[in-house]
1. Does the protein assembly as shown come out rounded, prolate or oblate, given a ≥ b ≥ c as the square roots of the eigenvalues of its C-alpha gyration tensor, rounded meaning a/c under 1.5 and, failing that, prolate meaning a/b above b/c?
2. Using packing as a proxy for protection, rank A:70-82, A:54-66, B:25-37, B:63-75 so that the peptide with the highest average count of other Cβ atoms within 10 Å comes first.
3. Distance in nm between label sites at residue B:84 and residue A:48, each 7 Å beyond Cα in the beta-carbon direction?
4. With a 10 Å radius around each residue's Cβ, average the other Cβ atoms per peptide and rank B:9-17, A:1-9, highest first.
5. Mind checking A:8-20 for the average number of partner chain beta-carbons within 10 Å of each residue's beta-carbon?
6. Could you work out how far the C-alpha centroid of region B:1-53 sits from that of region B:62-99, in angstrom?
7. By its C-alpha gyration tensor, with a ≥ b ≥ c as the square roots of the eigenvalues, how is region B:7-109 shaped: rounded for a/c under 1.5, else prolate for a/b larger than b/c, else oblate?
8. Averaging sequence separations of C-alpha pairs under 8 Å and six or more residues apart, then dividing by the length of region B:7-109, give the relative contact order as a whole percent.
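Where a number appears in this text, it was derived from the coordinates with a stated rule and is not lab data. Because the structure is a prediction, the values reported are computed rather than measured. Using ideal geometry, Cβ is built from the backbone for each residue, glycine included, and neighbour counts are taken over all protein chains shown.
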Amino acid sequence: MSLFGPLMGFAALVLIGAGFVWVIRAEYGLGWRWWYVFTAGGLALVLLSLVLPSPLASGLFGIAGASIVWGSTELKAQADRAKLGWYPSNPRPKPNPPLWQLFSRFRPPQL
Amino acid sequence: MSAQWTGLAAAAATFAGVWAGHAGVRTIEFRAARLWPAASLLAAGGLGLEALAAIAGSAPVAAAAGILGMTLLFDALELSRQFRRVREGRAPANPDNPRHAPYLAARAFAPEGSAAPEGSAAPADPLGPAGPGEGKSE
């Protein structure tokens with residue numbers, strides 16, 4: 001019997017819970033247009049997990065990466081919730097992400 | 001150097017668990033007349049997967065089972081939170097669900113501009129913003 005699997009489950013609970021917080025803050029400070037930056041960052045973490053020698057570190061990177069990719073799909077929905085008044089809306093202008101001219105033609109994924 | 005597959009298994013389990021939970025909780029809450037049978041099944045499934053995670057010999061399998069088990073346990077709790085969103089008007093109510101009927105009736109007879117029954121933002125449409133695919137936080 002090993003606690004590795006349940007520990008991974010607990011880590012997923014914590015990291016997904018952290019996702020609730022960062023999605024709200026990222027949408028407030030940066031806006032939903034940054035979705036592809038977070039998608040790329042999450043996928044990079046998942047790829048990095050493949051080359052880590054430790055199963056524990058690899059698992060944590062995989063969970064964090066997938067959680068960030070999921071959060072990136074929630075940014076537009078969070079912007080809609082803020083527009084409805086369910087969350088604070090930032091009155092200040094939000095910065096455009098890098099390469100926005102290139103990615104503005106893509107619709108943000110909403111699952 | 002061989003690849004470490006634990007991270008990929010963990011990532012796939014996390015994404016699939018969150019996605020399935022996201023959609024499943026909304027659908028079950030929308031359709032089920034009683035929540036406790038579904039919550040009990042989800043909790044039992046979650047505990048079973050945690051037990052499997054504890055005895056699995058392979059790290060990728062243990063990680064995937066541990067993560068999916070935890071998401072099922074969380075979904076069991078999330079059912080009641082989704083019902084709260086329906087009561088508050090932040091998720092669609094189902095007119096065919098007897099559990100939702102009192103809230104729809106209260107909103108239908110509420111005076112114009114009065115507070116929602118649960119004291120939070122009432123939607124213009126008592127059936128909510130859309131179908132069961134809308135109205136759940138992350």
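1. oblate
2. Details: A:70-82: 21.8, A:54-66: 25.0, B:25-37: 16.8, B:63-75: 27.3.
Per-residue Cβ counts within 10 Å, averaged per peptide and sorted highest first, yield B:63-75, A:54-66, A:70-82, B:25-37.
3. According to this spin-label approximation, the distance is 3.4 nm.
4. B:9-17, A:1-9
5. Taking the mean over all residues of the peptide, I get 6.
6. Using only Cα atoms, the two centres lie 11 Å from each other.
7. Prolate.
8. Result for region B:7-109 is 34 percent.
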